[in-house]
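K.L.:
Can you read through this structure? Questions will come right after.
Each value in this text was obtained by applying a stated rule to the coordinates, not by laboratory testing. Note that the structure is predicted; figures quoted are calculated from it, not measured. Positions of Cβ are generated from backbone atoms using ideal geometry, with glycine treated the same way; all protein chains shown enter the neighbour counts.
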Amino acid sequence: MIKTLSRMLISLVCAFLVAINPCFADENEENYRLWEKDNAAASKAYDDGRYSEALSLYQTALGHAEKITYGGPRGISYYGMAKTYHKDRKLTEAEDHYKKALDVFEGSGRRHAHLLSCIKDYAGLLRELGRDSEAAELESRLKPSQQGS
């Protein structure tokens, strides 16, 4: 009797999750599309040296990214903000955002394409701040073949 009830409950939960999944997929898709648009505009503003505009756009993109169920866009937004703060010489803010980006990338359970660049840029910031030992420790996360590239 208990096994039968357990199976029925599991079946109901699975049916419910399958039924609502398209709603989540549509919401993820829309938020991803909005994130992608704002992130591209932020990247362009960064490339053009318009750092305050880039930060504003990255923050808007982050708002969309936080509604997406997977973390890649959130990590990319934090990383973009970190690079922008770094370039604009707001080093405390840059460090905070590098840390957030690394937390997202490393917490995803898979190797993210931006992880290598994020580690290298964050280590560069630490060296600028005279924190060479922390930079070396951070770089030790890289494979030897990646450290020199």
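K.L.:
So, in nm, how far is label ASP47 from label GLU93 when the simple model puts each one 7 Å beyond its Cα toward the Cβ?
P.N.:
2.3 nm
K.L.:
By the scheme Lys and Arg +1, Asp and Glu -1, what is the net charge of all other residues having a beta-carbon under 14 Å from that of ALA135? Each step should come with its number before you reach the end.
P.N.:
Values: positive: LYS99, LYS120, ARG127, ARG131, ARG141; negative: GLU95, ASP121, GLU128, ASP132, GLU134, GLU137, GLU139.
Every neighbour counted, the sum reads -2.
K.L.:
Right, another one. For every other residue with a beta carbon closer than 14 angstrom to the beta carbon of ALA82, add +1 if it is Lys or Arg and -1 if Asp or Glu, then tell me the sum. Please report the intermediate quantities before stating the final value.
P.N.:
Working: positive: ARG74, LYS83, LYS87, ARG89, LYS90, LYS99, LYS100, LYS120; negative: ASP88, GLU93, GLU95, ASP96, ASP103, ASP121, GLU128.
With Lys, Arg at +1 and Asp, Glu at -1, the neighbours total +1.
K.L.:
Moving on. Whole-Hz ³J(HN,Hα) for each residue in the stretch 34-47, computed from phi via Karplus 6.51 cos²θ - 1.76 cosθ + 1.60 with θ = phi - 60°, x for glycine and proline: what do you get?
P.N.:
5, 4, 4, 5, 5, 5, 5, 5, 5, 4, 5, 4, 4, 4
K.L.:
Find how much the distance from ASP132 to LYS67 grows on full extension, using 0.36 nm per residue of separation minus their present alpha carbon separation; answer in nm with one decimal.
P.N.:
19.7 nm
K.L.:
In a shell of Cβ-Cβ distance under 9 Å around ALA61, excluding ALA61 itself, what net charge do Lys and Arg (+1) and Asp and Glu (-1) give?
P.N.:
Charge balance in the 9 Å sphere: -1.
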